[in-house]
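Notes for the one structure printed next.
The values are calculated or read from the model by the stated rules, or taken from the named source; none is laboratory data. These numbers were taken from a predicted model, which means no experiment stands behind them. Methodologically, a virtual Cβ is constructed for each residue, glycine included, from the backbone with ideal geometry; neighbour enumeration extends over all protein chains shown. For accessibility, only protein heavy atoms count, side chains too; no ligands or nucleic acids. Shrake-Rupley method; radii C 1.70, N 1.55, O 1.52, S 1.80 Å.
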Amino acid sequence: MHVHDQQAHELMELVFAFTQERMEMDPPPLDLSVPLEQLQAQAGQTITPEGLGGTEAMRLFEEVLGPACLSIDHPRYLSFIPAAPTEAATLFDLVVSATSIYGGSWLEGSGAVYVENQTLRWLADLAGLPKGAGGTFVSGGSIANLSALAVARTVWRDADRAREERRPIVLLSEAAHSSNASALELLDLRSRPIGVDDADRMTAETVRAAVDDLPPAEREAVCAVVATAGLTNAGTIDDLVAAGDAAAELGAWFHVDGAYGAAALCSSTRRDRFGGIDRADSLTVDPHKWLFAPYDCAAILYRDPQLAKRTFTQHSGYLDVLTEAADWSPSDYAPHLTRRARGLPTWFSLAVHGTDAYRDAIDTTIATAEAAAALIRTLDHLELVVEPELSVIVFRRAGWAPEDYAAWSRGLLFDQVGFVVPTTWRGETVLRICITNPRTTLDDVRACLPG
Ligand SMILES: *Cc1c(COP(=O)(O)O)cnc(C)c1O
């Protein structure tokens, strides 16, 4: 099982050859998930007492398992939030594993932590967060949001001993990503809704109304206001200034969920939409969505990281050597201890290409989304449901019932043309595409529109 073994050497060749071939495919196969029975028939029991050997295990992956997984980086994968990792980032993901870096502590991974922190600083600078801001990379926006709200709860409780047994309140809109509601459940927090406009955005008026609706006893119980910079369903942006004002008025934490949209801070055309983001106490940004990183990589940034450290640092005799040091250890800034240095692929890609290339790539995706929206406006049978703000386009097909959307979507994937699934808008089934891949062209979008 050691690298010098003959078998290990053959494995290396197999894996590198496969990786190279996959990365050079332009585009990669879109592929299709398949029924369980088919996988049982084609792959069967793959874990055996004697082992299958590298050639057979790799063959199974190449011929059966891999093709049963969609290529999220396919330029016509336009559903949910696609990903489009750079070659540099993907390749460096291999390096992160090959070097067995422990990404939790400065003691064990100072070099990795150093450049992860420069990557976080780049994001903090884009958002205009102060010099002391910092955080860590976690597995996804969901864990980043959970981390932020856990800190908000700690800060609220620590402000007054009488709050120890109380359940604080979080203000958020119904259009906020589902991970926020899930975090409230996990943290046993209550929520109060903020209304939205016809593009799903919290506005100055809806935020004001939500604050005014709070009974006096609840005002004091608000531990956080959550705003979204890039709503998942509509791609629009909440009024961050109004949300920040409300948080300040209530003495509450201000969390900005920019998992998808905050990437557009590095665009040359959309920066002005994010006014107020610099006032965030915490900010989520997922490089694995629109910043060209492979899974899994989400940044959680705190204005005052000490507050996060107070919330998350684990204490035990075997950790004293870490926790008694003054070093910056990523383990202290989220509910995790052992962690992959998952910020390194993003760092490497940024270091290789420079930040201007990121601006250009984001600009390209936004330009494609604008062109796609313009195309939809010219088609009589399609109608935009929301005016696009970033790179999400939501539209309806005249005369279609939910079954028509579902059948069309299945056919598009079955024919390996593209992947576009319906979403729900105000109770109506409609279509939604999201463009985060600079290789997605207007022709790709055109091929993925219903006739
Ligand atoms: C995708 C998304 C999340 C969740 O991120 P994961 O990485 O999927 O956990 C949270 N908030 C917003 C706004 C998102 O778009």
The range 374-451: strands (runs of 3 or more DSSP E) wholly inside it with 2 or more residues that are in contact (Cβ under 8 Å) with a residue 40 or more places away in the chain are 392-397, 422-425, 428-434
Subset of the range 317-349 (residues that are open to solvent by less than 60 Å² (accessible area, probe 1.4 Å) and among the hydroxyl-bearing types (Ser, Thr, Tyr))
THR323, SER329, SER331, TYR333, THR346, SER349
Can you tell me which residues in the range 316-354 are in contact with a Cys (Cβ under 9 Å, 6 or more places away or on another chain) and basic (Lys, Arg)?
ARG342
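Within the range 196-216, track down each residue that is in a loop (DSSP other than H, G, I, E, B) and open to solvent by 50 Å² or more (accessible area, probe 1.4 Å). Show your work before the answer.
Going through the range 196-216, the residues in a loop (DSSP other than H, G, I, E, B) turn out to be 196-203, 213-215.
Of everything in the range 196-216, those that are in a loop (DSSP other than H, G, I, E, B) and open to solvent by 50 Å² or more (accessible area, probe 1.4 Å) turn out to be VAL196, ASP198, ARG201, ASP213, PRO215.
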Read through the list (1) part of a helix (DSSP H, G or I); (2) in contact with a strand residue (DSSP E or B) (Cβ under 9 Å, 6 or more places away or on another chain), then give the number of the only condition that ALA150 fails.
(2)
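Of everything in the range 161-190, what is in a loop (DSSP other than H, G, I, E, B), more than 16 Å from the ligand (Cβ to nearest atom) and open to solvent by less than 20 Å² (accessible area, probe 1.4 Å)? Give them in sequence order. Spell out the reasoning first.
Quick first cut of the range 161-190, residues in a loop (DSSP other than H, G, I, E, B) only: 164-168, 174-177, 188-189.
When the remaining residues are screened for being more than 16 Å from the ligand (Cβ to nearest atom), the result is 164-168, 188-189.
Residues satisfying the conditions are PRO168, LEU189.
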Condition broken by SER79, with the remaining ones in (1) under 30 Å from VAL394 (Cα atoms); (2) open to solvent by 70 Å² or more (accessible area, probe 1.4 Å); (3) small (Gly, Ala, Ser) satisfied
(2)
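Here are THR423, THR440, THR364: which of them is outside the structural domain of ARG271 (by TED's automatic domain parsing), crowded, with 22+ Cβ neighbours inside 10 Å, under 28 Å from THR228 (Cα atoms) and at pLDDT 95 or above?
Numbers: THR423 fails: crowded, with 22+ Cβ neighbours inside 10 Å; THR364 fails: crowded, with 22+ Cβ neighbours inside 10 Å.
Residue meeting the stated conditions: THR440.
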Can you name every residue in the range 284-295 that is within 11 Å of the ligand (Cβ to nearest atom), in a loop (DSSP other than H, G, I, E, B) and touching a strand residue (DSSP E or B) at 6+ places or on another chain (Cβ under 8 Å)?
ASP286
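Give me the residue from the range 296-310 that is open to solvent by less than 40 Å² (accessible area, probe 1.4 Å) and of a type outside the set (A, V, I, L, M) and, out of that set, nearest to PRO82 (Cα to Cα).
CYS297
Within the range 111-119, can one find any residue that is closer than 21 Å to ARG219 by Cβ and among the aromatic types (Phe, Trp, Tyr)? Break it down into steps so the answer makes sense when it comes.
Narrowing the range 111-119 to residues closer than 21 Å to ARG219 by Cβ: none.
The answer is no, given that none of the residues of the range 111-119 is closer than 21 Å to ARG219 by Cβ and among the aromatic types (Phe, Trp, Tyr).
Of all the residues that make up the range 118-146, how many are closer than 24 Å to ALA83 by Cα and surrounded by fewer than 19 Cβ atoms within 10 Å (Cβ to Cβ)? Show your work before the answer.
Residues of the range 118-146 that are closer than 24 Å to ALA83 by Cα, as a first pass: 118-127, 135-146.
Next cut, surrounded by fewer than 19 Cβ atoms within 10 Å (Cβ to Cβ) only: 118, 121-122, 125, 139-140.
The total comes to 6.
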Within the range 198-208, identify whether any single residue is more than 16 Å from the ligand (Cβ to nearest atom), hydroxyl-bearing (Ser, Thr, Tyr) and assigned by TED's automatic domain parsing to the domain that holds ARG303, and answer yes or no.
yes
Quick check on the range 300-307. Is at least one of its residues in contact (Cβ under 8 Å) with a residue 12 or more places away in the chain, of a type in the set (Ser, Thr, Tyr), more than 21 Å from ASN180 (Cα to Cα) and not in a helix (DSSP H, G or I)?
no
Are any residues in the range 147-160 surrounded by 24 or more Cβ atoms within 10 Å (Cβ to Cβ) and either farther than 22 Å from PRO216 by Cβ or of a type in the set (Ser, Thr, Tyr) (or both), and if so, which ones?
SER147, ALA148, LEU149, VAL151
Is it true that LEU120 is in the same structural domain as PRO287 (by TED's automatic domain parsing), within 16 Å of the ligand (Cβ to nearest atom) and either modelled with pLDDT of 95 or more or over 20 Å from LEU189 (Cβ atoms) (or both)?
no
